[in-house]
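Asker: Got a structure here, written out as structure tokens. Questions coming.
Taken together, the values in this text are just the output of simple stated rules run on the coordinates, not laboratory data. Being a predicted model, the structure only gives us computed values, none of them experimental. Ideal geometry is used to build each Cβ from the backbone, glycine not excepted, and the neighbour counts take in all protein chains shown.
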Amino acid sequence: MVQLQNPDRLTQTIKFGTIEDSEDINGVPTRDFSQIGKPTLCGRWSLTTNQAIQMAGLDQTQSFIVVVHHRENWSGITHAKYSNELYQVSNINQDPYRNPTAYDLITLTKVSDANG
């Protein structure tokens, strides 16, 4: 959670959604990204020293944090597409306030392959 007065760091697009099981044309099971809602702008977020220590349990070579405008309901969202790569949503630090300067911090962890 964070309060941003100027969202000028939100320069990249991110899509949030979930992974759905399906079958390809040969009947082989696949897992596909299914977008929930519209794409939104985001920006990379740097951690304070205390936050970095708290996050030490995560594989930091595969995880990072983005900041997005506050969203009231994150239910059902498990994954994200960012820079044409699939990520699992590892943590959502949601801002408790509902105002124009409220932003949420989302921890993303790289998914090892396209099948989730």
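Asker: State, in angstrom, two size descriptors of segment 67-116 derived from its alpha carbons: Rg to one decimal place and Dmax to the nearest whole number.
Answerer: 12.1, 37
Asker: Here's something else I'd like to know. Okay, which of segment 72-116 sit inside 15 Å, backbone N to the point 7 Å along the Cα-Cβ direction of Thr11?
Answerer: Counting only backbone N, you get 83.
Asker: Here's something else I'd like to know. Pulled fully out, how much extra length does the chain show between Asn99 and Ser46, if you take 0.36 nm times their separation in residues and subtract their Cα-Cα distance?
Answerer: Residue separation times 0.36 nm, minus the Cα-Cα distance, leaves 16.8 nm.
Asker: Kindly list the residues of segment 1-39 that lie in the label zone of Asn91, defined by a backbone N under 13 Å from the point 7 Å along the Cα-to-C-beta vector.
Answerer: 1, by backbone N distance to the label point.
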